[in-house]
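Only the coordinates and a few stated rules stand behind these numbers; no lab work does. This structure is a prediction, so every number in the text was calculated from the model and none was measured. Cβ coordinates were reconstructed from backbone atoms using ideal geometry, including for glycine residues, and neighbour counts include every protein chain displayed.
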Amino acid sequence: MLAGIKSLDDLEARHPKRAESVTIIGGGLSGPCLAIFLKKLHGINSTIYELRSEDYSAGVNIALAPNSLRVLQHIGVLDELRNLGHPYEKMALTSARTGKQIGTFLNGSQKHYNYESMRIHRRTVQLVLLKECKALGIPIHYNKQAEGIVEETDTYVKLKFEDGEVVTTDTVVAADGLWSKVRDHIVKQELPYSGAMGVIIMNIDREKLDESVKKVELPTFCFGQTGMIAVFPSNPWGGAIDMFSTMPFPARSREEWAALDADGEGKRKIMTDRFGKGWPRYIARAWETEPADKMWLTPFYEAPAFEHWTSPKGRVIIIGDAAHAFSPQGGQGAAMALEDGETLAHTIAHADFATDRLTLLGKWEKHRQGRLRLVKDLTDWSGRQRAPVSSPFMWYLKEWVMWAVLKLKGPTMGMDWLYGYNPEDIVSVLRS
Ligand SMILES: Cc1cc2nc3c(=O)[nH]c(=O)nc-3n(C[C@H](O)[C@H](O)[C@H](O)COP(=O)(O)OP(=O)(O)OC[C@H]3O[C@@H](n4cnc5c(N)ncnc54)[C@H](O)[C@@H]3O)c2cc1C
């Protein structure tokens, strides 16, 4: 009966609501993404609890691959982000030895995948997602630290916060990042250091770089015998430049890493020793002259391949870095977090979820773990390409191999499986 409808709100109020209540821990990338898909596409309510304050700002510029952009387009925020980041398609590989281009490949492509790639601050993406949550009326509680699961039964789960509050809910999704506390309920394991770390300087004024940069097509990965330096424009008009390297580095304690990060001149020395002599002037000079307090150092810790991302009763689920953090050397961490959010939302929204959640979550987990294994392999391969080589001869050889691989594989480098992935395909996986 459509008679007497006064407004869309009035119509909505007449429909019975979806009963499932979802509690999301973590307002980073995967948490808000999940909340938006649940609400916007399926009318399922959720609540987000975030450890930090609303105005907490940290993190670095990241590269969003085409498969990230597809999720953001499904959400409806991609056009807004395009005005805030630096979209690009082609990636140049250059030689530190000759300063010349070895070749190019497509890191994103409207033509091949419908989406380009984008360099943007992680915080910007997070803010745009949180704004969308607010617009949809999704409650977000800041300064609220989850402590862990206190009870899980066949019908509910209880979650405790540091302030003593206990919340009872149908489902808890832990999107609380690398150092997840909620994860302990599913698997309790130390996270190993990956053996690599990264140093970045963000937002260098392009005009201040040595003029040798003018001969180089950006963005570029510049490879030399002592490693790799990436050079990326990071704002819409390309006037701000990020320069970073990831490299094998000996392990140390958390305190020692913090001390090294606080030692500006120590970081400069690491970089100028590796990327000074024999490197293009615009790279060497940046590490010599940029203020040391602009250099950020991050050791990369990784989550081992956990057997399960869901608890035995299926009421606690981990996603994003909490489930599968790995080093950012493949540029896929955010993409995997966003894909998790979208695919899990479609799974929770399945008509049989209330009666058969274990089967559905089992299919979701198997599907996502299969993809994550491939992405992890790619990330490790990418890390190996960036490592130093033992001699000038080996480096000369490697340069030729790179050139040959680019020629043989063609512009997309066989990345269709990665960048062409559509999270909506989870619907047919759940049907199978
Ligand atoms: C140096 C660096 C460079 C990177 N570069 C790239 C890149 O180029 N491309 C790419 O795709 N990815 C990159 N990544 C990875 C990417 O940032 C992450 O994979 C992504 O942010 C994961 O999203 P998430 O939502 O799972 O976790 P996060 O973004 O870490 O969000 C987790 C949230 O949970 C909150 N939280 C934590 N504990 C609790 C608690 N107990 N209670 C409540 N809230 C809690 C945190 O405050 C945080 O807001 C990079 C990462 C690093 C460190």
Just one of the numbered conditions (1) within 13 Å of the ligand (Cβ to nearest atom); (2) buried (at least 20 other Cβ atoms within 10 Å of the Cβ) is not true of Trp296; which one? (2)
For residues that are surrounded by 20 or more Cβ atoms within 10 Å (Cβ to Cβ) and of a type in the set (Ser, Thr, Tyr), tally how many sit in the stretch 30-57. 3
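Near the ligand (Cβ under 9 Å from one of its atoms) and either outside any helix (DSSP H, G or I) or within 15 Å of Thr246 (Cβ to Cβ) (or both) - does that describe any residue in the stretch 282-290? Walk me through how you get there before you give the answer.
As a first pass, look at the stretch 282-290 and keep what is near the ligand (Cβ under 9 Å from one of its atoms): none.
Checked against the condition, which is being near the ligand (Cβ under 9 Å from one of its atoms) and either outside any helix (DSSP H, G or I) or within 15 Å of Thr246 (Cβ to Cβ) (or both), the stretch 282-290 yields no hits at all.
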For the stretch 173-193, enumerate the residues that are within 11 Å of the ligand (Cβ to nearest atom) and not in a loop (DSSP other than H, G, I, E, B). Val173, Ala174, Val182, Arg183, Asp184
When the residues of the stretch 123-159 are narrowed to those that are part of a strand (DSSP E or B) and aliphatic (A, V, I, L, M), which ends up surrounded by the fewest Cβ atoms within 10 Å (Cβ to Cβ)? Val150
Per the filter on the stretch 312-336, residues surrounded by fewer than 21 Cβ atoms within 10 Å (Cβ to Cβ), over 18 Å from Met197 (Cα atoms) and either within 9 Å of the ligand (Cβ to nearest atom) or touching a residue at least 12 places away in the same chain (Cβ under 8 Å) (or both) are Lys313, Gly314
Please give the number of the condition Ile200 fails out of (1) crowded, with 20+ Cβ neighbours inside 10 Å; (2) more than 27 Å from Arg357 (Cα to Cα); (3) near the ligand (Cβ under 9 Å from one of its atoms). (1)
Selected residue (criterion: farthest from the ligand (Cβ to nearest atom)) from residues of the stretch 299-311 that are closer than 15 Å to Lys366 by Cβ and aromatic (Phe, Trp, Tyr): Phe306
Any residue at all in the stretch 338-345 that is under 29 Å from Asn203 (Cβ atoms) and near the ligand (Cβ under 9 Å from one of its atoms)? yes
Yes or no: the stretch 14-21 includes at least one residue that is within 11 Å of the ligand (Cβ to nearest atom), surrounded by fewer than 16 Cβ atoms within 10 Å (Cβ to Cβ) and in contact (Cβ under 8 Å) with a residue 24 or more places away in the chain. no
